[in-house]
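The values are calculated or read from the model by the stated rules, or taken from the named source; none is laboratory data. Note that the coordinates shown come from a computational prediction; the quantities given were computed from them, not determined experimentally. Backbone-built Cβ (ideal geometry, glycine too); neighbour counts: all protein chains shown.
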Amino acid sequence: MTSPFGSALVIANARSRSGLAAAERVLTQDGLDYRVVLTDGPGHATRAAAEALAGGDRYLVAAGGDGTVHEVLNGMLSADGRPAAEDTVLGVLPIGSGCDFVRSFGIPRDAARAARRLAGDATRVIDVGKVTYGRDQVRYFANIAEAGLGGSVVARAARLPGVLGGLRYSVAFWLALPRFRPGPARVTADDTEVSTRMLNVVVANCQYYGGGMRISPKSAADDGLLDVLAMTGPRRDACTTLPKVYRGRHLPHPEITELRGPVVRVESQQPLLIEADGELLGTTPATFEIVPRALRLKV
């Protein structure tokens with residue numbers, strides 16, 4: 001049995017074999033036609049997605065964490081942010097150490113339950129973010145990007161052992177915070193500018209990151225806008241605010257300036273590390289833009 005979008009190509013993080021096995025049992029039981037490509041390193045999922053679309057596939061499933069979703073997404077979009085092929089659909093099997101993207105859409109985080117969502121024709125058209133940094137380097141992100149402390153946390157998390165699973169981000173936060181030094185920066189969104197000592201800048205398309213933190217509770221992935229949280233307080237604010245972030249109750253906050261707009265510019269005296277969907281990219285200056293209705297998501 002094929003889905004309404006054709007046979008599913010599951011692009012899977014090879015480090016998540018146990019979760020993949022559980023999902024495959026459901027797909028087999030349900031009779032869904034699929035095949036699997038196991039990634040062998042950074043960038044492979046992007047190449048596999050682009051090659052699959054060029055070969056005629058239209059239903060791609062990212063099986064892994066937010067990083068796998070990020071890579072597959074970048075293989076599905078062309079240079080102008082539009083789909084590389086018409087009628088493409090992205091499905092997600094959250095089987096990695098962390099997959100916060102799906103939380104905004106009610107997709108189960110259990111591999112078997114999520115696999116059952118891959119059948120049927122229910123989809124949602126959503127926006128994606130585009131970030132331009134360095135020497136005109138461009139990446140697309142589905143969920144959330146950051147510049148500042150968040151980038152340093154992701155860099156630290158990359159050096160932690162995978163056995164920590166979803167705890168890697170929390171551990172990395174407490175390791176990175178004492179070493180991070182906020183500095184002067186300027187954030188511009190929709191003709192509004194914030195120029196001050198900056199701890200972190202969150203640029204959000206969706207709501208959750210970091211293992212269940214509801215960092216941007218007002219975000220909607222189909223409103224044509226990016227939600228920006230410019231965090232200007234001292235480092236201790238990050239500690240005291242953290243418990244509220246998991247419940248999405250940290251806003252309003254006197255040390256967080258909320259902005260919204262289709263284009264966001266972040267500049268700083270000292271380069272700030274940029275991350276998107278948990279993937280470390282480069283440093284500021286950077287421009288973030290919304291690409292409206294760029295992706296059809298299987299829900």
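For region 216-247, give me each residue that is in contact with a helix residue (DSSP H, G or I) (Cβ under 7 Å, 6 or more places away or on another chain) and closer than 15 Å to VAL153 by Cα. Show your work before the answer.
Pass one, region 216-247, residues in contact with a helix residue (DSSP H, G or I) (Cβ under 7 Å, 6 or more places away or on another chain): 221, 235, 238.
Listed by number, the residues that qualify are ARG235, ALA238.
State yes or no: is ALA22 buried (at least 20 other Cβ atoms within 10 Å of the Cβ) and either among the hydrophobic types (A, V, I, L, M, F, W, C) or out of contact with any Gly (no Cβ under 9 Å at 6 or more places or on another chain) (or both)?
Values: buried (at least 20 other Cβ atoms within 10 Å of the Cβ): no; either among the hydrophobic types (A, V, I, L, M, F, W, C) or out of contact with any Gly (no Cβ under 9 Å at 6 or more places or on another chain) (or both): yes.
For ALA22, the condition - buried (at least 20 other Cβ atoms within 10 Å of the Cβ) and either among the hydrophobic types (A, V, I, L, M, F, W, C) or out of contact with any Gly (no Cβ under 9 Å at 6 or more places or on another chain) (or both) - is not met.
Going through region 198-212 one residue at a time, which ones are under 13 Å from the mean Cα position of the chain (by Cα) and not in a loop (DSSP other than H, G, I, E, B)? Walk me through it before giving the result.
The initial filter retains those residues of region 198-212 that are under 13 Å from the mean Cα position of the chain (by Cα), namely 202-212.
Selection gives VAL202, VAL203, ALA204, TYR209.
Only one of (1) of a type in the set (A, V, I, L, M, F, W, C); (2) over 15 Å from the mean Cα position of the chain (by Cα); (3) assigned to a loop (DSSP other than H, G, I, E, B) is not met by ALA220, so which one is it?
Single failed check for ALA220: (2).
Going by what's in this entry, would ALA155 be described as assigned to a strand (DSSP E or B), of a type outside the set (D, E, K, R) and modelled with pLDDT of 95 or more?
So ALA155 fails the test.
Please go through region 68-89 and give me each residue that is under 14 Å from the mean Cα position of the chain (by Cα) and either under 13 Å from ALA294 (Cβ atoms) or at pLDDT below 95 (or both), ordered by number. Before you say what the answer is, go through the steps one by one.
Our first condition is that a residue be under 14 Å from the mean Cα position of the chain (by Cα); within region 68-89, this holds for 68-74.
Passing the criteria: LEU73, ASN74.
From the list LEU175, LEU164, LEU160, exactly one residue is in a loop (DSSP other than H, G, I, E, B), of a type outside the set (Gly, Ala, Ser) and touching a helix residue (DSSP H, G or I) at 6+ places or on another chain (Cβ under 7 Å). Which is it?
Details: LEU175 fails: in a loop (DSSP other than H, G, I, E, B); LEU164 fails: in a loop (DSSP other than H, G, I, E, B).
Criteria check complete, one pass: LEU160.
With (1) modelled with pLDDT of 95 or more; (2) within 14 Å of VAL228 (Cβ to Cβ) as the list, and LEU175 as the residue in question, which single condition is left unmet?
Result: LEU175 fails condition (2) only.
Determine, yes or no, whether LEU229 is outside any loop (DSSP other than H, G, I, E, B), touching an Asp or Glu at 6+ places or on another chain (Cβ under 7 Å) and either in contact (Cβ under 8 Å) with a residue 60 or more places away in the chain or of a type outside the set (Ser, Thr, Tyr) (or both). Spell out how you get there, then give the answer.
On the way: outside any loop (DSSP other than H, G, I, E, B): yes; touching an Asp or Glu at 6+ places or on another chain (Cβ under 7 Å): yes; either in contact (Cβ under 8 Å) with a residue 60 or more places away in the chain or of a type outside the set (Ser, Thr, Tyr) (or both): yes.
When the stated conditions are applied, LEU229 passes them.
Would you call SER18 touching a helix residue (DSSP H, G or I) at 6+ places or on another chain (Cβ under 9 Å), hydroxyl-bearing (Ser, Thr, Tyr) and modelled with pLDDT under 95? Let's see the steps before the verdict.
Details: touching a helix residue (DSSP H, G or I) at 6+ places or on another chain (Cβ under 9 Å): yes; hydroxyl-bearing (Ser, Thr, Tyr): yes; modelled with pLDDT under 95: yes.
So SER18 passes the test.
Among the helices (runs of 4 or more DSSP H) confined wholly to region 27-142, which include 2 or more residues that are surrounded by 14 or more Cβ atoms within 10 Å (Cβ to Cβ), in contact (Cβ under 8 Å) with a residue 12 or more places away in the chain and touching a Phe, Trp or Tyr at 6+ places or on another chain (Cβ under 8 Å)?
On the way: elements: 44-54, 66-76, 111-116.
Answer list for region 27-142: 66-76.
Mind listing whichever residues of region 159-191 are surrounded by 14 or more Cβ atoms within 10 Å (Cβ to Cβ), under 21 Å from ASN13 (Cβ atoms) and among the hydrophobic types (A, V, I, L, M, F, W, C)?
LEU160, LEU164, LEU167, VAL171, ALA172
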